[in-house]
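Trainee: Before we start, here is the structure in question, set down as structure tokens.
The values are calculated or read from the model by the stated rules, or taken from the named source; none is laboratory data. Computed from a prediction, not measured in an experiment: that's the story for all the values here. Because the Cβ atoms are built from the backbone with ideal geometry, glycine has one as well, and the counts that use them run over all protein chains shown. For accessibility, only protein heavy atoms count, side chains too; no ligands or nucleic acids. Shrake-Rupley method; radii C 1.70, N 1.55, O 1.52, S 1.80 Å.
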Amino acid sequence: MTKFNTRLVHAPNPHDNNTGAVEVPIYKATTFAYPSVGSQVEYDYSRSGNPTRRAVEEQLADLEQGQQAFVFSSGMAAIHAALALFKAGDHLIIGDQIYGGTFRILHQFFQKWGLEITAVDTRDPAAIEAAIQPNTKAIYFEPVTNPLLHVTSIQQVATIAHQHALLMIVDNTFLSPYLLQPITLGADIVIHSATKYLAGHSDVSAGAVIARTPELAEQLYFVQNAIGSILSPEDAHELARGIKTLSLRLDRQIANAKRLINFLQQQPVVTIINYPGIPGQPGYEQLHQEATEAGAVFSFELDDQLVDAEAFVNHLKVFQIAVSLGAVESLVELPSKMSHAELSPAEQLAAGITPTLIRISVGIEDVTDLIEDIQQALAAAKK
Ligand SMILES: Cc1ncc(COP(=O)(O)O)c(C=O)c1O
């Protein structure tokens, strides 16, 4: 098999027709003609199958080492499709720090359809074991969480999942297949908000589900076709274009993240840094047994006596104040007031999200501009 970086640029079937086009065209057709009534055709209707979409699905299956991939109009649509595999009365164990939208769809949508849910700290195998019930069907978690970057070992969870014949579903949005390939470590289903690193430019909403087995692929295809929350051909093309530079972008983003953290570590006003990509941080050893790097999102806290965290964020000029992550531009946010604002102050504190916690998604800019920006904002926000 060719190496990962080559497979980013050369999708499995680059020539979908005989023109020699080096890019799969954007097929806008919603229907495809049959040569004659009743003949076998690969494509008949775009919701059921579209060549532009199919090309990026085949590439994602290849990159994640799965059997088949399916792309959707958003990460949440992908998560909805994966959760639609379960039925009323099934019980799911979920990570207690999963993305808020995933928590919301589980609690405010699937629970009313009869899905039962127990949230646990998936870093703790005993907590997972204790949550297993006779009707438990799956464990769903993020190996690196947002915004505190807790690390869960996929292999450790896989051991439990396999012992109890449970499906293991892993949201790999934060690391991407460049840094972590959960299926090779025992996951059955991998999910992406492809809006983030895979597309990478803050201009496409997309989601992906990758299945390990043909049986799961068949079920997921049924859901994709039945519900119809497909990715458009235009966005499938944008996603495919983003994927080509995934490793280039992440290499720069990770290098920038490490330089920023190195700078922050030298600032007396910085009290805590959450990033399992540097030695000595919680989760560092565990993460590096399974992933090559920790990605380019991190969070940190400022000494409230010395600096006003909100004023610091407001004074940043190169970093934009925004809730998403994984794109070429650096973004900053205050989880307590933005991405996690739906949690009450007590719930936030229980989750470890303090009012002064700042989350950064590092972009590909010149890192000296990022450091200077932080320097000036720290000075401006001094109490
Ligand atoms: C880890 C994770 N999973 C899923 C999602 C949902 O994806 P989307 O916003 O593309 O619907 C997000 C969005 O922030 C996310 O961070």
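Trainee: Of the conditions (1) at positive phi; (2) touching a helix residue (DSSP H, G or I) at 6+ places or on another chain (Cβ under 8 Å), residue 233 clears all except one; give me its number.
Mentor: The number of the failed condition is (1).
Trainee: Mind checking whether some residue in the stretch 347-359 is in contact with a His (Cβ under 7 Å, 6 or more places away or on another chain) and not small (Gly, Ala, Ser)?
Mentor: Taking every residue of the stretch 347-359 in turn, at least one turns out to be in contact with a His (Cβ under 7 Å, 6 or more places away or on another chain) and not small (Gly, Ala, Ser).
Trainee: Any chance the stretch 306-329 includes a residue that's of a type in the set (Phe, Trp, Tyr) and open to solvent by 30 Å² or more (accessible area, probe 1.4 Å)?
Mentor: no
Trainee: Could you count how many residues in the stretch 58-87 are more than 16 Å from the ligand (Cβ to nearest atom) and either in contact with a Phe, Trp or Tyr (Cβ under 6 Å, 6 or more places away or on another chain) or at pLDDT below 95 (or both)?
Mentor: 0
Trainee: Follow-up. Going through 157, 209 one at a time, which residue ends up being within 23 Å of residue 123 (Cβ to Cβ) and not in a loop (DSSP other than H, G, I, E, B)?
Mentor: Result: 157 is the single residue among 157, 209 that is within 23 Å of residue 123 (Cβ to Cβ) and not in a loop (DSSP other than H, G, I, E, B).
Trainee: With modelled with pLDDT of 95 or more, surrounded by fewer than 17 Cβ atoms within 10 Å (Cβ to Cβ) and closer than 17 Å to residue 170 by Cα as the only criterion, which of 213, 195 stands out? Talk me through it step by step, then tell me what you get.
Mentor: Values: 195 fails: surrounded by fewer than 17 Cβ atoms within 10 Å (Cβ to Cβ).
Just one listed residue meets the conditions, 213.
Trainee: Which residue pairs have Cβ atoms closer than 6 Å, lie 6 or more positions apart in sequence or on different chains, and pair a first residue in the stretch 46-67 that is more than 18 Å from residue 219 (Cβ to Cβ) and open to solvent by 10 Å² or more (accessible area, probe 1.4 Å) with a second residue that is part of a loop (DSSP other than H, G, I, E, B) and hydroxyl-bearing (Ser, Thr, Tyr)?
Mentor: What qualifies is 46/30; 51/27.
Trainee: OK, next. Which residue out of 139, 93, 98 is in contact with a Leu (Cβ under 9 Å, 6 or more places away or on another chain) and outside any strand (DSSP E or B)?
Mentor: Of the residues listed, the single one that is in contact with a Leu (Cβ under 9 Å, 6 or more places away or on another chain) and outside any strand (DSSP E or B) is 98.
Trainee: Still on this structure, please answer the following. Test residue 299 against the criterion of being open to solvent by less than 30 Å² (accessible area, probe 1.4 Å), among the hydroxyl-bearing types (Ser, Thr, Tyr) and within 26 Å of the chain's Cα centre (by Cα), and give yes or no. Talk me through it step by step, then tell me what you get.
Mentor: Details: open to solvent by less than 30 Å² (accessible area, probe 1.4 Å): yes; among the hydroxyl-bearing types (Ser, Thr, Tyr): yes; within 26 Å of the chain's Cα centre (by Cα): yes.
In short, yes.
Trainee: Which one is surrounded by the most Cβ atoms within 10 Å (Cβ to Cβ), of the residues in the stretch 174-192 that are part of a strand (DSSP E or B) and of a type in the set (A, V, I, L, M)?
Mentor: Within the stretch 174-192, the match that is surrounded by the most Cβ atoms within 10 Å (Cβ to Cβ) is 190.
Trainee: Residues in the stretch 183-200 that are more than 12 Å from the chain's Cα centre (by Cα) and of a type outside the set (A, V, I, L, M): how many?
Mentor: 3
Trainee: Exactly one condition in (1) within 26 Å of residue 177 (Cβ to Cβ); (2) touching a residue at least 40 places away in the same chain (Cβ under 8 Å); (3) open to solvent by 40 Å² or more (accessible area, probe 1.4 Å) is not met by residue 28; state its number.
Mentor: (1)
Trainee: Among the residues of the stretch 153-173, which ones are open to solvent by less than 20 Å² (accessible area, probe 1.4 Å) and either within 13 Å of the ligand (Cβ to nearest atom) or free of Cβ contacts under 8 Å to residues at least 12 places away in the same chain (or both)?
Mentor: 169, 170, 171, 172, 173
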